[in-house]
1. For Arg251, indicate whether it is basic (Lys, Arg), within 16 Å of ligand 1 (Cβ to nearest atom) and either over 26 Å from His139 (Cβ atoms) or assigned by TED's automatic domain parsing to the domain that holds Cys136 (or both).
2. Hey, could you check the range 292-303 for residues that are of a type in the set (A, V, I, L, M, F, W, C) and under 19 Å from Asn100 (Cβ atoms) and say which is farthest from ligand 1 (Cβ to nearest atom)?
3. Of the numbered conditions (1) without any contact (Cβ under 8 Å) to a residue 12 or more places away in the chain; (2) within 11 Å of ligand 1 (Cβ to nearest atom), Gly281 fails exactly one; give the number of that condition.
4. For Ala183, work out the one condition from (1) within 16 Å of ligand 1 (Cβ to nearest atom); (2) under 30 Å from Ile96 (Cβ atoms) it doesn't fulfil.
5. Among the residues of the range 1-41, what is the count of those that are more than 18 Å from Pro85 (Cα to Cα) and in a helix (DSSP H, G or I)?
6. Do we find that Glu227 is touching a residue at least 60 places away in the same chain (Cβ under 8 Å), more than 9 Å from ligand 1 (Cβ to nearest atom) and not assigned by TED's automatic domain parsing to the domain that holds Ala93 in this structure?
7. Asp48 - would you say it is exposed (fewer than 14 other Cβ atoms within 10 Å of the Cβ) and under 18 Å from Cys94 (Cα atoms)?
Amino acid sequence: MLYRVIDAHELPGLVQAFMRDYEVIAPVRSGKSFAFEAVSSFDDIVLDYPTTLTSLKKYYLPPRETLFEYDMADGVTDYRMEVRPRVLFGAHACDINAINALNLVFEDPRYPDPYYEAHKKATMIVGISCMPGDSCFCHLLDAGEVRSGYDLFLADIGGRYLVSIGSVEGADILEAACDPREATDEDRRAFRDYTRRRQRAFNEEIPSVQEIPMLMDAFHSDDFWEELGSRCLNCTACSSVCPTCYCFDIRDVLDPSGETGRRERVWDACTSPQFALVTGGHNFRPGTRERVRHRMYHKLNGFNAKHGRYLCVGCGRCVKACKADISPIEVLKFFEQKGIEDGDRDAD
Ligand code: SF4
Ligand code: SF4
């Protein structure tokens, strides 16, 4: 990986350079929260934002997307998707890791997804370092740092940025817009101090639990899941805000004339009661216990078994979105408690 340093006052010029050829999507203030939106000026961007309410997945997997159109007389209309070249400027490490996880699913060579691919091809990413909020636990799930999946990554080291260069396109734009220089020993020391400060800033009340997938298997039938599920309101807010929830439904929408229509892909959620309902009326996950447990298993167990990484990046969005206090943090706390109880029994 190649590193360079730029001064903070060069950042507006970098954004300006991107604006020449790309739509710039960046964090902005949105009511009491923050959101990623297209911006037309560097002044609109808030770079020291806490986690945004919704994630970046909508730029790769839109909430509603036409896959193709059809005409009863002529059959399927060839559908071409045009995505304007864009840059996601100011993405946090956890959110880039989330996109890296989505890539594993939608770029699976057995079932490549051309729609996702088109969005990805048109999108550059400039990441930025962050300080964790109270609900952040990315560091516990190996998502607090990001090693790939970006074009540039800016680490704030006080009045200047240590820039990690991830692509030739990113390097070219950086070179053209700024005056990047080699990192000095002082820059490296500043980066080390920043990473230590960041590590210390994580909420220590969120426990780190070793072997979480194994523990989940061991306690698959524990009453904990019944209690957790009994609180679920089926609202699906957790899946909507989650940067890695990627379930979708396919729907045919016929126009009122009955002559034309389109096939759409829309977000779905495994916490929805209808999600596992099949023709004939059988529901594979009929209760909230099964649905909440399934979601947590996919995040902390099943995806890991298949892809070698967690599907939860510890962004904390569902922690804030769930009105019933159901989140992976609850699961980590439960298994930490189990570990303490087992330790007590061993001591007896
Ligand atoms: S877990 Fe929480 S956010 Fe998710 S569906 Fe249930 S109540 Fe809604
Ligand atoms: S499960 Fe919750 S904490 Fe984990 S990635 Fe999804 S929204 Fe973030």
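1. Working: basic (Lys, Arg): yes; within 16 Å of ligand 1 (Cβ to nearest atom): no; either over 26 Å from His139 (Cβ atoms) or assigned by TED's automatic domain parsing to the domain that holds Cys136 (or both): yes.
No: the conditions fail for Arg251.
2. The initial filter retains those residues of the range 292-303 that are of a type in the set (A, V, I, L, M, F, W, C), namely 292, 296, 300, 303.
Then drop every residue that is not under 19 Å from Asn100 (Cβ atoms), which leaves 300, 303.
Numbers: Leu300: 14, Phe303: 18 Å.
Only one residue fits best here, namely Phe303.
3. (2)
4. (1)
5. Looking only at that region, the number is 6.
6. No, not satisfied.
7. On the way: exposed (fewer than 14 other Cβ atoms within 10 Å of the Cβ): yes; under 18 Å from Cys94 (Cα atoms): yes.
So Asp48 passes the test.
A quick yes/no check of all residues on (1) loosely packed, with under 15 Cβ neighbours inside 10 Å; (2) modelled with pLDDT under 95:
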{"residue": "Ile250", "(1), (2)": "yes, no"}
{"residue": "Thr279", "(1), (2)": "yes, yes"}
{"residue": "Thr288", "(1), (2)": "no, no"}
{"residue": "Arg293", "(1), (2)": "no, no"}
{"residue": "Tyr297", "(1), (2)": "no, no"}
{"residue": "Phe335", "(1), (2)": "no, yes"}
{"residue": "Asp342", "(1), (2)": "yes, yes"}
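The values are calculated or read from the model by the stated rules, or taken from the named source; none is laboratory data. All of these numbers come straight from a predicted model, not from anything done at the bench. So basically every Cβ, Gly included, is an ideal-geometry build from the backbone, and we count neighbours across all protein chains shown.
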